[in-house]
Amino acid sequence: MTERREPPRLVLAWEALPAWRQGAIALPALALLTFVLNVGPFNQPLARSLLYGALEGGILTALLLVATAGEKSKRRR
């Protein structure tokens, strides 16, 4: 039989936050991360990196919110 373990408290605290608050926390962090990746390793110009950081940060935030909701609902079943 598969043993069900409780996730770490940090994960439970993250899942307890409303989606808008998760997005407000994740978007700036992910936008900054993708901006730094575009400027640094990918050697993109600054203006393009700002645009890419905003776009990619938004997409990654949406994916994070969908994944969080899926894991939370899966755990409830």
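Which percent of the accessible area of the chain is formed by carbon and sulfur heavy atoms (probe 1.4 angstrom)? Don't skip to the answer; put the middle values down first.
Numbers: 4130 of 6030 Å².
So the carbon and sulfur contribution to the accessible surface is 68 percent.
What number, rounded to the nearest 500 deg cm²/dmol, is the helix-based mean residue ellipticity at 222 nm of the chain, given -39500 (n - 2.57) per DSSP H run of at least four residues and division by all its residues? Before the final figure, lay out each step's value.
Working: 3 runs with 60 residues, N = 77.
Rounded to the nearest 500, the figure is -27000 deg cm²/dmol.
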- Along Cα→Cβ, 7 Å out, is where each label goes; now give me the distance between the ones at Ser73 and Leu46 in nm to one decimal. 4.4 nm
- For segment 36-77, what size does the Cα cloud have along each of its three principal axes, sorted from largest down, in whole Å? 47, 16, 8
- Query: Spin-label point model (7 Å from Cα, Cβ direction): what's the Ala54 to Val66 distance in nm?
  - Reply: 2.3 nm
- Counting only heavy atoms of the protein chains, get the accessible area per residue of segment 25-77 (1.4 Å probe) and round it to a whole Å² value. 70 Å²
- Query: Quick one: Debye curve from the C-alpha atoms of the chain, no solvent, what's log10 I(q)/I(0) at q = 0.13, 0.15, 0.25 Å⁻¹?
  - Reply: -0.50, -0.61, -1.06
- Task: Report ³J(HN,Hα) in whole Hz for each residue of segment 38-52, in order, from the Karplus equation J = 6.51 cos²θ - 1.76 cosθ + 1.60 where θ = phi - 60°; Gly and Pro get x.
- Result: 6, 6, x, x, 8, 6, 7, x, 4, 4, 5, 5, 4, 5, 4
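The values are calculated or read from the model by the stated rules, or taken from the named source; none is laboratory data. Source: prediction; values computed, not measured. Every residue, glycine among them, receives a Cβ derived from its backbone with ideal geometry; neighbour counts consider all protein chains shown. These area figures cover heavy atoms from the full protein model, side chains too; ligands, DNA and RNA do not enter into them. Shrake-Rupley method; radii C 1.70, N 1.55, O 1.52, S 1.80 Å.
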